[in-house]
1. Could you please tell me which pairs satisfy a Cβ distance under 8 Å, a separation of 6+ or placement on different chains, a first residue in region 492-520 that is farther than 22 Å from Gly177 by Cβ, and a second residue that is in a helix (DSSP H, G or I) and open to solvent by less than 50 Å² (accessible area, probe 1.4 Å)?
2. Give the number of residues within region 311-324 that are loosely packed, with under 11 Cβ neighbours inside 10 Å and farther than 15 Å from Gly348 by Cα.
3. At pLDDT 95 or above and on the phi > 0 side of the Ramachandran plot - does that describe any residue in region 265-278?
4. May I ask you to verify whether Gly403 is crowded, with 17+ Cβ neighbours inside 10 Å, at pLDDT 90 or above, over 26 Å from the mean Cα position of the chain (by Cα) and farther than 19 Å from Gly89 by Cα?
5. Condition check: over 19 Å from the mean Cα position of the chain (by Cα), over 27 Å from Ile265 (Cβ atoms) and aromatic (Phe, Trp, Tyr). Does Phe118 satisfy that?
6. Modelled with pLDDT of 90 or more and part of a loop (DSSP other than H, G, I, E, B) - does that describe any residue in region 109-131?
7. Of the numbered conditions (1) polar (S, T, N, Q); (2) crowded, with 16+ Cβ neighbours inside 10 Å; (3) modelled with pLDDT under 95, Gln353 satisfies every one except a single condition; which is it?
8. Would you check if Gln253 is crowded, with 16+ Cβ neighbours inside 10 Å and either touching a helix residue (DSSP H, G or I) at 6+ places or on another chain (Cβ under 8 Å) or under 21 Å from Ala475 (Cα atoms) (or both)?
Amino acid sequence: MRRVLWLLTPVMALLAGGGQAVALADPVGGRPHGWLQMLTLAWLAWLLMDCAQRGGKPGRRGFLLGWLFALGWLGGTFWWLFISMHRYGGLPAPLAALAVLALAGALALYYGAAAAVFSTLFVAKTQVKPWYAALVFAASWTLAELARGSFFTGFPWGAGGYAHVDGWLAGYAPWIGVYGIGFAAAWIAAFLAFTGTRCIAWLFPRDGLRQQGPWAAMVIVTAVIALFPLYALPQSAQRIAQHMTSGSRAGAQPFMAVALLQGNIAQDEKFIPGAGVADSLAWYGQQLHAATAPLVVAPETALPLLPPELPAGYWEELQARYAQGGQAALIGVPLGDAMAGYTNSIAGLKPGQDAPYRYDKHHLVPFGEFVPPLFRWFTQLMNIPLGDFARGALVQPSFAWQGQRLAPNICYEDLFGEELAARFADPATAPTVLVNASNIAWFGDTVAIDQHLAISRMRALEFARPVLRATNTGATAIIDHRGAVTALLPRGTRGVLRGQFEGRAAFTPYARWVAKAGLWPLWALCLGALGWAAVFRAKRSTRNAQLF
């Protein structure tokens, strides 16, 4: 029986990883489920512990299990990349599927390494305490998450912490951010897996198996971590975040009305002259001229042509429209020229300015917006327009309007909270509102829309700032500073979302320490924990060797 379980262990790891993907956004309603994320991670921790108990070379077996878990998780999370490469990019289906699997498999190497480290440092036969196993697991796993989001341009989409944007762990977002939440979830998952195993061993003892040291104190610690947000303010996790950071009205700015445009332009026609281009220019032009809200926001590449390429007088009429009165507009449009380079940008129009405000996207999408070295051959297999942009600066001025400082970001840039935090280094210029302009029609009507909405909600929680989302096909939404969606347009429809938001000026602890140090404190914490665990294991191995 145990041999059968041993052979089925890789399959169990792969299935558990698939469950982790579902935890981020279920395929029925697109809702995140933090409990499922911790359950699947606890299952992996248990598999790795069982692997270590068997002896032999647990690091090698642990690597395989961690890699398979991450393959199921990551492949099940961003499988929709297949749509962009095949349906819209023209890449043959087998190659598109292989590319998604290759990306998931490459990123899964981080987690395979994390599982190998944990399996090597965790030695069940040497009276390892539950807190030790949980700490080593959480530190290893978080280092893998940090590495995935940092190296080779970073692609942290689907980090485990996003599953908790609606859960009780969301109350910690203003303090430790999404990676800190991921660390806490991994610690709790591993601790519960370890103590559960110990309880079973205690209830059903076998020869040579006995309880290894007290762990009641760590149960109390886990209970404190688990119950603190509920004790602080039990009504909702979002109110917990508000209570922890800015109070009820501290730092609040005046309410402002906004109109967010969602054109629902078909992606396969968006850049075709006489089809999607004409449709975009006509609809967005009409809405920008007819809008009455003090602030109007159009999504990424709402105007799919460079200003000089627009119909005669089109851009000049828009500038004149917002050159006077009490209205301003943020419009997604490509900018630049052949000499300076082209940029994926947001232009800001308002009265009293000498030239339009400009924000250029900083964190570009590999293969979609720039071509990585040695991969030109791959992009030539696809037909994706606007595929080689220049990069904007990391910190760019906010768009100041009627007492608000609006900080734009484009598409998946809001996935990198540490980069957004750089704008909070100077309190005098820090944003009061975050604005995301996106076009993820590349991925169809899939959970990518739900996942991206959860990402924006996490940024709202981390920084205690409202987030305005203007998208081509969804999710166009207004998110308050507590991470709650206050207004939302149906996806896949054409319309204007009208509502209001309340800017905020108070700083969260997360915004303060990440603006100063980036994510290095988390790196240092996790590396220090693993270094300490390695020393502990070496000392115990030496002590055991001396006994013989």
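The values are calculated or read from the model by the stated rules, or taken from the named source; none is laboratory data. Worth saying up front: this structure is predicted, and the values here are computed from it rather than measured. Heads up, the Cβs are rebuilt from the backbone with ideal geometry, glycines too, and the neighbour counts pull from every protein chain shown. Keep in mind that these areas ignore ligands, DNA and RNA; they rest on the heavy atoms of the full protein, side chains included. Shrake-Rupley method; radii C 1.70, N 1.55, O 1.52, S 1.80 Å.
1. Arg494/Trp283; Val496/Gln287
2. The qualifying residues number 2.
3. no
4. No, not satisfied.
5. yes
6. Looking for residues that are modelled with pLDDT of 90 or more and part of a loop (DSSP other than H, G, I, E, B), one finds none in region 109-131, hence no.
7. (2)
8. Judged against the criteria, Gln253 is not a match.
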